[in-house]
Each structure stands twice: as structure tokens, then as C-alpha cells.
1. Pairs under 6 Å by beta carbon, first residue in the same structural domain as A:His342 (by TED's automatic domain parsing) in segment A:357-382, partner among the aromatic types (Phe, Trp, Tyr), six or more apart or different chains?
2. Which ones in segment A:173-196 are outside any helix (DSSP H, G or I) and free of Cβ contacts under 8 Å to residues at least 40 places away in the same chain?
3. Condition first: more than 7 Å from DNA strand B (Cβ to nearest atom) and surrounded by 15 or more Cβ atoms within 10 Å (Cβ to Cβ). Now tell me which residues in segment A:268-280 satisfy that.
4. Please specify each residue of segment A:91-137 satisfying the condition of being of a type in the set (S, T, N, Q) and more than 7 Å from DNA strand B (Cβ to nearest atom).
5. Of a type outside the set (A, V, I, L, M), in a helix (DSSP H, G or I) and more than 32 Å from the chain's Cα centre (by Cα): which single residue out of A:Lys429, A:Lys396 fits that description?
6. Among the residues of segment A:2-9, is there at least one that is part of a loop (DSSP other than H, G, I, E, B) and touching a residue at least 40 places away in the same chain (Cβ under 8 Å)?
7. Looking at segment A:199-226, which of its residues are among the small types (Gly, Ala, Ser), part of a strand (DSSP E or B) and within 11 Å of A:Gly171 (Cβ to Cβ)?
8. Based on what the data block shows, is A:Ala515 farther than 18 Å from A:Gly542 by Cβ and either touching a strand residue (DSSP E or B) at 6+ places or on another chain (Cβ under 6 Å) or not assigned by TED's automatic domain parsing to the domain that holds A:Gln533 (or both)?
Amino acid sequence: MKNHEIAALFERIANVLELKGENTFRINSYRKAARVIGDLTGDIEDLARAEKLTDIPGIGEGTAEKIVEYINTGKMSKYEEVMKGVSEETVALMQIPGLGPKTVAMLNRELGIASLNDLEKALQEDKLQGLFGIGDKKIENIVKGIELFKTSQQRISIGMAYPVVKRIIEGLRHNPQIRDIQAAGSLRRMKETIGDIDILVSGTEGTEIIKSFVNMRGVTQILAAGDTKGSVRVEEGVQVDLRVVREDEFGAALQYFTGSKEHNIHLREIAKKKGLKISEYGIFKGDKKIGGQLEDDIYKILGMDWIPPELRENRGEIEAAQAGKLPKLIEISDIKGDLHNHSNWSDGIPTFEEMARHAMKMGYKYLVVSDHSKSLHVANGLKDDELLEEIEEIDKLNKKFKGFTLLKATEVDIKADGSLDFPDKILEKLDLVVASIHSGFKQGKEKITERMIAAIRNPYVNIIAHPTGRLISKREGYEVDLDKVIEACAETGTALEINCFYDRLDLNDINCRKAKETGAMISISTDAHHLDQMWMIELGVGIARRGWLEAKNVINTFPPDKLKAFCKKKRT
DNA sequence: GCCGTTTTCGGCCCGACTGTTTTCAGTCG
């Protein structure tokens with residue numbers, strides 16, 4: 001699948017054209033093309049073969065030709081043409097905050113600066129002084145920008161940002177000057193990584209609110225503290241911005257600061273065609289404000305349904321909302337249990353009983369105990385007889401519970417040759433089987449795909465855990481043909497997992513949507529090794545919502561009997 | 001480069017801030 005390669009090429013073309021001062025609308029169309037191709041759920045080569053490329057919004061004749069050229073020859077002449085005389089390093093300079101295309105182009109033209117090294121050297125030698133449009137302040141800002149670029153490039157996982165937001169909102173909620181408080185930005189959209197955290201407040205006495213915000217526990221550095229905006233760094237290393245807006249503007253501001261940028265641009269285009277205007281202050285007809293207190297105002301006035309934040313990525317949600325065809329997204333309250341957890345029998349901390357009590361407190365009807373299997377020595381994987389013993393213990397314990405069941409399971413290793421780490425005659429004694437890959441990551445794509453499909457075809461395997469093996473910003477996943485895996489799951493009645501652990505979030509949103517479209521079921525599970533990790537189910541539900549999933553697509557929304565029937569069906 | 005319930009040509013999202021200049025370009029979210 002070449003989707004990401006092609007998207008990256010268009011993104012690079014856009015960056016270089018920007019540096020070269022090309023027409024901004026042309027640049028934006030390359031960016032848009034890059035974005036829609038990156039978001040496609042299908043294979044772009046299939047679309048090219050079917051001559052359907054121009055059906056994709058944002059792809060016209062010109063772009064389609066370039067895609068076809070790349071698919072057929074492995075080259076894109078437009079890309080090679082624009083890259084002449086420009087280095088990637090020069091283009092990368094535009095990522096430094098405060099340096100845009102105009103400044104980078106000017107520095108390159110006047111001083112031959114083509115890399116970060118060149119720029120730092122020129123700064124040391126005071127060479128920027130006296131250039132057109134460059135004053136002392138600008139130089140100071142470039143120095144600061146470089147520092148910022150070096151230190152704070154990384155986005156953090158939503159799992160790290162989420163507790164920070166909860167803490168801040170809890171801490172401020174009781175402040176009498178505050179009427180509404182709500183996280184915005186990519187966190188509200190439940191994106192898997194977060195750049196910085198945006199929190200929006202409506203209320204009077206902005207100065208007072210900001211003051212209590214910047215003096216909160218956990219704040220390590222105050223970056224700004226005015227009367228409408230405060231900005232701090234917290235001990236987790238992330239920047240948090242708090243904005244105070246008027247009550248009658250809260251909805252419009254929330255809509256605006258939630259984004260995504262692409263979603264908002266599309267909405268404003270629609271508004272413009274209707275003779276309206278949207279800004280962070282409201283929705284306007286001429287000079288007259290016709291809405292903005294509620295977020296719903298904006299969508300309603302534009303003639304569409306309110307769109308859940310997780311869908312706001314300009315991936316077709318606006319068209320669906322106009323047609324009244326948005327999915328009824330899964331809610332956290334639909335979840336009846338967690339289907340992947342570890343106890344102190346393998347590498348987890350809690351006992352069975354502690355796990356069960358915690359699950360009941362969360363309102364669950366069932367919880368799966370799925371300890372590791374024997375090959376995974378590092379995780380103290382269970383031997384055959386230990387698993388049989390575990391089954392007996394759980395059976396005994398279950399007699400104590402009413403309206404709740406611990407389900408007997410394993411997270412069985414899919415071994416390097418595709419066989420499973422326990423024989424079928426043991427697996428058949430379990431309520432449910434989770435299977436996953438923990439070894440042989442370096443095998444080729446074909447081999448890994450084969451291994452997985454062999455596991456999927458086993459009649460006892462119900463869930464494939466963390467299907468791609470990626471760890472966010474630590475490790476790429478193993479190579480696997482996920483399309484084939486999804487098809488095999490759909491065909492056999494096997495579920496794919498959204499692993500909720502904050503550095504996994506695997507499947508991701510786009511693959512979830514693909515699974516839904518193909519007809520494969522999903523399990524949302526935490527892979528918790530500790531009771532304090534079971535809350536992460538919220539992250540998984542967020543990813544599921546981003547993947548357009550409804551409760552009916554997710555097996556752990558099923559009541560106990562229906563879940564059991566789902567697992568049994570494969571065995572018959 | 002894309003796109004069309006005013007358009008096949010002439011548009012293409014909005015507002016704030018900053019630093020530089022002397023009315024505005026560049027950058028950002």
C-alpha cells in the first residue's frame with residue numbers, strides 16, 4: 001500500500017513550493033491531497049486501477065496523473081522538478097517557530113543559509129543584523145524558536161495528557177467565577193498524541209481565573225498570565241493553555257479551539273457559500289450575530305447535525321452530518337467489561353478478586369483474566385498445568401459473585417511458526433482466547449501476515465490483541481498486511497483489539513474504520529497489569545469513536561450471554 | 001491545483017499578534 005508514500009511526497013512538494021513563494025492556493029491543494037490520501041481507508045492503487053482517483057474530494061486531474069505516474073514508475077516528475085536546487089534541510093527550517101517560508105527563503109538567498117547548522121553559525125557571527133525586515137527582536141525570537149524546536153518537538157501520548165487535564169479541570173471547577181470549563185483541541189478530539197493542551201473557560205473576572213490557574217499544583221513554569229489567556233508548563237512536561245471567554249461566546253470558541261483546522265476550514269467554506277461567517281466569537285449574518293452561545297448553534301445554522309468532536313477531522317463527517325447520516329457512536333457507558341487483563345499469576349499486580357471487585361466498581365458485568373502463555377518467559381507466562389489450575393481457581397471464585405463473572409482466558413502467544421503456545425485441548429476449556437505476537441518482529445511482511453492468519457483460523461481464538469505491535473513514538477509496528485488480517489477476521493468471526501494502553505492504542509482510528517467497513521468486530525480492552533490502568537478504557541473508546549464505531553461493532557458492549565455466543569459460534 | 005444550487009473562470013477561512021514600517025507583511029493557531 002503506497003498511500004503514505006504518496007501523501008508524504010505531496011506534503012513535501014507543498015513545503016518546497018511554499019519556500020519558493022508559489023501561489024498559496026496551489027500549495028494548499030497539494031496539502032489537501034496529502035491529507036486525504038493519508039486518511040484513505042482503502043488502497044490508493046486499487047482506486048487508481050479503477051480510475052476512481054478523481055472521485056476523492058481534493059484530487060483533480062493533475063494530482064491523479066501524478067499518482068498514476070508514481071504507481072507505474074516509482075517516480076513523480078513534479079517532485080523531482082521542485083526539489084531541484086533545494087535541500088530537505090532547508091525546507092525543515094520552516095518548522096522552527098517564528099520562521100516561515102518568507103524568512104527562510106530570504107536567509108537562503110541573502111546568506112546562503114541552508115540548514116540549522118548554517119543558521120546557528122550565522123547567528124553566532126551576527127550576520128543577520130541589518131537584513132531587510134530583521135530587527136533585534138526578530139533575532140531574539142529566532143534564537144528562542146531554535147531552542148523551542150530542539151526541546152519541545154515531541155507530542156505526548158493522550159494517555160499522559162488526559163490525567164493532567166482531569167486534574168486541572170477538577171482543581172478549577174469549584175472556582176465561583178467559572179461557569180463552564182471544557183478541554184478543547186486535539187485532546188477533546190481524542191487524538192492519539194497531543195501537542196499542547198487547550199482548556200476553555202467561560203466566566204467573568206478573567207484575571208482572577210488565570211491567577212488561580214497558573215498557581216495550581218503541578219505547574220513548573222508560567223509562560224504567560226494575562227486577563228484572557230494563561231499558559232504554563234506542568235511537571236509532565238506538557239504546555240497547557242487556558243483561555244477565558246464570554247459566556248455568550250463559549251460555544252463558538254469551543255468549536256473553534258476544538259478543531260481540527262481542516263474541519264473548521266471546511267465549515268467556514270460552507271458558511272461563506274450561505275452568506276454567513278464563522279469565527280471564534282460566533283456565527284454571523286453580515287454584522288449580526290445569529291448564534292454562538294452553544295456549539296450546536298454553529299452546526300444547526302449551517303443545516304447539519306452536531307458533530308461529535310472525535311469525528312472532526314474532515315474525513316467525510318461534514319457530508320454525513322448534512323445528510324443526517326452520522327453514526328451513533330459508541331459511548332463509554334456501552335462497555336460491559338474488559339477483555340484483556342493480567343493478574344499476579346503472570347506479570348500483573350492484582351489478584352483475581354481485586355480485579356473482579358474493581359471491575360464491579362466500574363459497573364462491568366464481566367472481566368477477562370488473560371495471563372501470558374509459557375513462551376513469554378519475561379512476563380512469567382503460565383505453563384499448561386498452571387493455566388488449568390488458574391481455571392479452577394477462577395471457577396471457585398466466581399461462585400462468590402452475583403451478576404458478575406470473571407471470564408477464563410489467556411493471552412496466548414502466536415509463535416514464530418504461526419502455531420499457538422497452548423494446544424487446542426487446553427484452549428477449549430477457556431471462555432475466551434486472546435492471541436498476540438510478542439516475538440519474531442523482524443520477520444517479513446508475508447511471514448507475519450501468515451502467522452496471524454493461521455491464528456485467526458484457529459477455532460478457539462476470539463481476539464487478536466494489539467494487531468500491529470506499534471508503540472507510539474518508541475517502536476514502529478511489525479510489518480503486516482492488515483487488509484488481509486481484517487478480511488480474515490471478518491470472515492471467521494474473530495475480533496480485532498483496540499488495545500487501550502496509552503503507548504499502544506493499537507488498532508488506530510483509521511484501521512478501526514477499515515475494520516468496520518470490512519465487517520470485522522472490535523474488542524476494546526486495556527491490557528491492564530494494574531488496577532490503576534483500567535481507566536484507560538476511556539482512551540480506547542475515544543479511538544473507537546474516531547474510527548466511527550458504534551456499539552454494535554464492539555463485542556464488549558454485548559451482554560454476557562451474547563458475548564459467550566459470539567465466542568462459541570467460532571467453535572461450531 | 002481544485003471546484004461549481006449565482007461560476008468552466010475566478011475565486012479559494014478567519015482573526016490576532018508581532019515586529020517592522022509608516023500602512024502592512026509574516027506567522028500562528
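The values are calculated or read from the model by the stated rules, or taken from the named source; none is laboratory data. As the structure is a prediction and not an experimental result, all values here were calculated from the model. Virtual Cβ from ideal backbone geometry, glycine too; neighbours counted across all protein chains shown. Surface accessibility is based on the protein's heavy atoms, side chains included, excluding ligands, DNA and RNA. Shrake-Rupley method; radii C 1.70, N 1.55, O 1.52, S 1.80 Å.
1. From segment A:357-382, the pairs are A:Met360/A:Phe404; A:Asp371/A:Trp345; A:Ser373/A:Phe422.
2. A:His174, A:Asn175, A:Pro176, A:Gln177, A:Ile178, A:Ile181, A:Ala183
3. Correct list: A:Ile270, A:Leu276.
4. A:Gln95, A:Asn108, A:Ser115, A:Asn117, A:Gln124, A:Gln129
5. The match here is A:Lys396.
6. Yes: segment A:2-9 contains one or more residues that are part of a loop (DSSP other than H, G, I, E, B) and touching a residue at least 40 places away in the same chain (Cβ under 8 Å).
7. none
8. Spelling it out, it is not the case that A:Ala515 is farther than 18 Å from A:Gly542 by Cβ and either touching a strand residue (DSSP E or B) at 6+ places or on another chain (Cβ under 6 Å) or not assigned by TED's automatic domain parsing to the domain that holds A:Gln533 (or both).
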